[in-house]
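Below you'll find the structure, written out as structure tokens, and then a few comments.
The values are calculated or read from the model by the stated rules, or taken from the named source; none is laboratory data. Bear in mind that the values here come from a model prediction, so they are computed numbers and not experimental data. Here the Cβ is made from the backbone with ideal geometry for all residues, glycine too, and neighbour counts use every protein chain on show. Remember, those area values only see protein heavy atoms, side chains included, never the ligands or the DNA or RNA. Shrake-Rupley method; radii C 1.70, N 1.55, O 1.52, S 1.80 Å.
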Amino acid sequence: MQTGLRFQAAKLQEFVEALLGYAGSEPQEARLVADHLVSANLAGHDSHGVGMIPSYIRSLAQGYLQLNQHASVVKDAGAVVTLEGNAAFGQVAAHEAIQLGIEKARQFGLAAVALHNSHHIGRIGYWAEKCAAAGFISIHFVNVVGDPMVAPFGGKDSRFGTNPLCVVFPRKDAPPLLLDYATSAIAFGKTRVAWHKGEPVADGCLIDEQGLPTNDPAVMHVAPLGSLLTFAQHKGYAMAAMCEILGGALSGGKTTHQETLQASVDAIFNCMTTIILNPELFDAPDMQQQTDAFVEWVKQSPHDPAQPVQVPGEWEMHNRETRLAQGIPLDESSWNAICQAAREAGMPDAELARFRGELCSLN
Ligand SMILES: NC(=O)c1ccc[n+]([C@@H]2O[C@H](COP(=O)([O-])OP(=O)(O)OC[C@H]3O[C@@H](n4cnc5c(N)ncnc54)[C@H](O)[C@@H]3O)[C@@H](O)[C@H]2O)c1
């Protein structure tokens, strides 16, 4: 049986929009951020959902996150465009970058859009899904500037961020195939969720401050800090390094090194380089049939009937269906931290109490 709290997505979105309104966001910004965060929870990625709000409110109070700002084009070279994120909410800056990238891909068949100096852009799959919904393939290389928490293969301390990679492929009459993950063995946010729940993480994900393996997520939250490991040993490390360079350096942004280290753990700055392709321009009339045939083929691999073989993106799709029907589960510790952030943003106690009454139900 599930324990904890469950929230109806639409109500949770309303609450987050109201909270951000008190923090000072204009309605469109509040709507974009709330939609992005609640969508991450619906997709099952609680590490990048509404649990990010306390950190965003702290980043705002510390003067890093800038409200009601927008991305600005610093160079438009036709199919290649570079944008400055102006420390805006990443949910706004990346929205604007991806919209522009989609327009460029419609015009040129292929586009590259690079965004630097954006505050946290959250779950990258959200941006890929926007490209797929417009009929495009997209590939996203992302770095996290100056916030090292992952050790290089063979190293014993943190040197770079959790640098996600994301690829989407739109399908006809089926949900898109979606690869979307951190190049660390687990996302940092998943250590936060495990830490709040008092649960250990799997083997091979963490080392402590001495570089020794550990399962305790507290090493990422309480000094002396340890490090995340990359997934798949040297292979994940190599991919993380390419996300750092294509995301951070190619975008006109910054990579992580001594001069770019952030003073605050709450100020999360992302750079993202996105390549968007129109699949219709390839000479591949069987593309969709070939894709379907491959999907069917892998699913026929002998498996435990209780655990069907899935394709990338299916996990999120099932979570979305379940959570839209049954609500979004959230642990009490995360929820209390969000309520505290709401108070800090200026939400009056009476309004918070009303939302709490409408939102919460204990299973
Ligand atoms: N903005 C940032 O700085 C930042 C940094 C790191 C991660 N993130 C985001 O964090 C989120 C979580 O990352 P993560 O590393 O925890 O992801 P994860 O380990 O949960 O992996 C998710 C990927 O694996 C696929 N998948 C899951 N189960 C599968 C199965 N049984 N068969 C086939 N494919 C399967 C999913 O469809 C998805 O593509 C991502 O959305 C990522 O974009 C963001």
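Each label point was placed 7 Å from the Cα along the Cα-to-Cβ direction; for Gln307 and Ala249 their separation is 4.0 nm. Loop-located chymotrypsin sites (Phe, Trp or Tyr not before Pro) in the range 267-296 (DSSP state not H, G, I, E or B) with no more than 12 neighbouring Cβ atoms inside 10 Å: Phe282. Derived scalar couplings between HN and Hα for the range 84-90 equal 9, x, 6, 6, 5, 3, x Hz in order, rounded to whole Hz, by the Karplus curve 6.51 cos²θ - 1.76 cosθ + 1.60 (θ = phi - 60°), x for Gly and Pro. Dipole size of the chain about its Cα centre, with +1 on Lys/Arg Cβ and -1 on Asp/Glu Cβ: approximately 140 debye, rounded to the nearest 20. Each stretch of four or more DSSP H residues adds -39500 (n - 2.57); spread over every residue of the chain, this sum gives -12500 deg cm²/dmol at 222 nm.
Summarising the overall dimensions of the range 268-363 from its C-alpha atoms, the Rg and Dmax are 22.1, 61 angstrom. The Kirkwood radius of the range 249-289, taken over pairs of alpha-carbon atoms, gives through the Stokes-Einstein law at 25 °C and 0.890 mPa s a diffusion coefficient of 174 µm² s⁻¹.
Starting from the alpha-carbon convex hull of the range 181-299, give the projected area averaged over all orientations, in nm². Each step should come with its number before you reach the end.
Numbers: hull surface 44.6 nm².
Over all viewing directions, the range 181-299 projects a mean Cα-hull area of 11.2 nm².
Per residue, the Cα convex hull of the range 68-152 amounts to 105 Å³. For the range 294-338, the orientation-averaged shadow of the C-alpha convex hull comes to 4.8 nm² (one quarter of the hull surface). Normalised size of the range 13-93, defined as Cα radius of gyration per 2.2 N^0.38 Å with N residues, equals 1.18.
The apolar share of the surface of the chain, taken as the fraction of accessible area on carbon and sulfur atoms (1.4 Å probe, ligands and nucleic acids excluded), comes to 56 percent. Relative protection proxy for 215-224, 5-14, from highest mean packing down: 5-14, 215-224 (other beta-carbon atoms within 10 angstrom). Projected onto its three principal axes, the C-alpha set of the chain covers 60, 52, 46 Å, listed from the longest axis down.
Converting phi to 3J(HN,Hα) with the Karplus coefficients 6.51, -1.76 and 1.60 and the offset θ = phi - 60°, the range 230-244 yields 6, 6, 6, 6, 5, 5, x, 4, 4, 5, 4, 5, 5, 5, 4 Hz in sequence order, with x at every glycine or proline.
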